[in-house]
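Colleague: This is the structure, below, for whatever I ask next.
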Amino acid sequence: MTARSPGSAGERPGPTLRQQESRAGLALLSPTFVVVMAVVVIPILWTVFIAFRDLRLRDLREVGIFGSGFTLENFVGVFTSRGFLEALATTVIYSVVGTALAIGLGLAAALIVRAPFRGRTLVRASMLLPYVSPVVAVAFVWSVMLDPNLGIVNAFGQDVLGWERAIPFLSQRSSDVTIFGVSMGVPVALLSVIAFQAWRYFPFAFLFILARLQAVPADLDEAGKVDGASPLQRFRYILLPQLSGVIALLAVLRFIWTFNEFDDIYLLTGGGGGTEVVSIGIFNRLTGRGDIGAAAAFSLVLAGLLAIFLFLYFRFFARTNEASA
Amino acid sequence: MTGAADLGTAVEAAAHESTHSRWTRETVESTVITVLKWIGVAFFVVITVFPFLYMLLLSVRPIADLARDPGALLVPFERLTFGTYDEVLRSVEQGGQGFLSFLRNSAIIATVAVFASLLLAIPGAYAISRLDFFGRRQVNAVFLAVYLFPAILLAIPLFVFFTRIGLRGSLIGLIIVYASQTVPVTIHMLRTYFNSIPESLEESATLEGCNRFQVMRYISIPLAVPAIMSTGLFVFMIAWNEFLFALLFLVDKRESWTVSLGLSQLANSTIEVPTTVVMAGAVILTVPVIAVFFLTERLLVEGLTAGAEKG
């Protein structure tokens, strides 16, 4: 006889044991619960409250932390403020393109290190460097690399590629580029921060995709080989369907995080050059103008929009899944 | 199974050999893929390693050399300088940038946050992994939802609250925020590990007369020490790297700055600080994190991606 689990041990003390376990579980979890409530849940509820109040940093001492008077001014202010729609559009472009690039790079990286080769461990570890390093340090290195005067990119561009002028990658809003006689504006600074975003976060996608890849049974690939599928066909019809779940999950996670991203853009451009995303606008309202109510309303709008996007994504996604089933 | 497949491949290869030339779709694609793969390896190594190499090389270069020739990478041996590190570490009174005291602040904040986060998360993770109680499943979902919430949304009320109670500008306020923000991910990582410990071990301890807390104290936690350490180091990295809350809480008080905040302020300072000196600061900020990362890479990766392989 092997030991029986505590839950099923004996008929008589059964329910009490279960009660004991339940009580112990709640007791062990309660410290975490209290702290998460105090520092996460209550503040979120409070934000909702502040958003309907007139509250400014400078009168925090007099009116207390609850502000004074119910008002819709903050929300009116958000929707009528100049640049709100532009900030929103910038945020959406930044999130969609950044997420897609990060996942694409991560997929490529995972496929590359899938099969063993000499030095694979080192290559794999180096691919995680951008993700684990302090954002302030890597953002500074990028801003120096892209600097018009001191940066190596512009030095290389001018010396080797024959650029006429240095390109201010992080401050130029738009540059006219002529391709095949068609002239069009390219959002230089926005593309730079998107490139940084892809560079910094592809390791995250890489890790998850690699973990999934290594769990794909080797038999599948061999069966495809036996049936005469070429390597590309095996990737398209055997491997990719196996990865669709983890890629979909990554798309959701990365989109959420990129949509809320603040550090990267603040450190690289400070929101200048057409890179002012919504979170930068919130930060400026909070610290620059000290308008707490407006900042709270703005951040609620951000969270609300995010919820709408996610809702649409899942609706759309559930449908395509049904269609394919 | 594998044997049969091997046989199949062999037969197929033989068939190809006899009927077609060598340039089948299989061989062409394989060759192209192999070439692309090595190009890919080179590409990824360059884009990931180069910025760090650049950081190191710039930090030991005199600023005049950089201004004269920004395209050059290698520093001639006789021009090598470590004065940049000296300047960035020295205290402000001695004409430096005071990074030594920022290092101390960061170390204190990150270390205390690690212990606080673990102290909260170990019992919590154990409970979620082992005990059946009301709301067990929901708790996990709530914690993960917290992890997805916009930091900027939380920043506003916390900023107001800590301003009001006078803790803004103190290290304690920041420690509380870091500990509570990392608890969800800490619980997630530890829970995965507790799940992998065979329950029979704990059951035999129960039969010997241990109660739940003794089982946890003498059996489960000692077994989980490696996981606890790597999770702790992960929290350390998060706290060390964090920027937004440090900026909001500490920016007015220079003596409380963390290394991350100090570097960002140095990079944007109105007083001209040589780029190479700031670069030395970036190296100082990065080295501890990379060291911690390489120490724990395997455990960290397994803990983070646990569950991902199920798709």
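Colleague: Over what distance in Å are the Cα centres of the range B:217-252 and the range A:85-108 separated?
Modeller: 29 Å
Colleague: Within 10 Å, at most 15 other Cβ atoms, and a DSSP state outside H, G, I, E, B define an exposed site. Report the longest part of chain B free of exposed chymotrypsin sites (Phe, Trp or Tyr not before Pro).
Modeller: Result for the longest clean stretch: B:135-311.
Colleague: Starting from the Cα gyration tensor of the range A:73-324, take the square roots of the eigenvalues, sort them a ≥ b ≥ c, and report rounded, prolate or oblate (rounded when a/c is under 1.5, otherwise prolate if a/b is larger than b/c, else oblate).
Modeller: oblate
Colleague: What is the gain in length, in nm to one decimal, between B:Glu208 and B:Arg254 on full extension, counting 0.36 nm per residue of separation less the C-alpha to C-alpha distance?
Modeller: Length difference between fully extended and current span is 10.9 nm.
Colleague: What FRET efficiency do you get for B:Asn195 and A:Ala27 if R0 is 25 Å and r is their Cβ-Cβ distance, rounded to the nearest 0.05?
Modeller: Calculated value: 0.75.
Colleague: Can you give the longest run of chain B that contains no trypsin sites (Lys or Arg not before Pro) sitting in a DSSP loop with at most 13 other Cβ atoms inside 10 Å?
Modeller: Longest stretch, sites excluded: B:23-252.
Colleague: Residue by residue through the range A:19-31, which ³J(HN,Hα) values in whole Hz follow from phi under the Karplus form 6.51 cos²θ - 1.76 cosθ + 1.60 (θ = phi - 60°), with glycine and proline marked x?
Modeller: Ordered by residue, 3J(HN,Hα) equals 5, 4, 4, 4, 5, 4, x, 5, 5, 5, 8, 4, x Hz.
Colleague: In terms of modelled amide H atoms, which long-range or inter-chain residues lie less than 5 Å from the amide H of A:Arg53?
Modeller: The answer is A:Thr71.
Colleague: Counting other beta carbons within 10 Å of each Cβ, put B:Val273, B:Val46 in order, fewest first.
Modeller: B:Val46, B:Val273
Colleague: On to the next question. Let me have the relative contact order for chain B, percent, based on Cα pairs under 8 Å that are six or more residues apart.
Modeller: Numbers: 271 pairs, mean separation 78.2, N = 311.
It comes to 25 percent, rounded to a whole number.
Colleague: What is the calculated FRET efficiency for B:Asp69 to B:Leu36, with r their C-beta to C-beta distance and R₀ = 35 Å, to the nearest 0.05?
Modeller: Numbers: r = 35 Å, r/R0 = 1.00.
The computed FRET efficiency comes out at 0.50.
Colleague: In whole angstrom, how far apart do the alpha carbon centroids of the range A:178-241 and the range A:110-147 sit?
Modeller: Cα centroid to Cα centroid, the span is 17 Å.
Colleague: Let me ask something else about it. Cut-off is 10 Å between beta-carbons; in what order do B:Thr24, A:Thr80, A:Thr47, B:Thr163 appear when sorted fewest neighbours first?
Modeller: Fewest to most other Cβ atoms nearby, the residues stand as A:Thr80, B:Thr24, B:Thr163, A:Thr47.
Colleague: Report the per residue volume, in Å³, of the convex hull enclosing the C-alpha atoms of the protein assembly as shown. Mind dumping the intermediate values first?
Modeller: Details: hull volume 143.6 nm³, N = 636.
Once divided by residue count, the hull of the protein assembly as shown is 226 Å³.
Colleague: Further question: Tell me the label-point distance for the pair A:Met37, A:Thr287, using the 7 Å Cα-to-Cβ offset, in nm and rounded to one decimal.
Modeller: Result for the modelled spin labels: 3.3 nm.
Colleague: Report the extension gain between B:Phe294 and B:Leu53 in nm, rounded to one decimal, defined as 0.36 nm multiplied by the number of residues separating them, less their alpha carbon distance.
Modeller: Extending this stretch completely gives an extra 85.1 nm.
Only the coordinates and a few stated rules stand behind these numbers; no lab work does. Not measured: the values here are computed from a predicted model. Every residue, glycine as well, gets a Cβ built from its backbone with ideal geometry; the counts of neighbours run over all protein chains shown.
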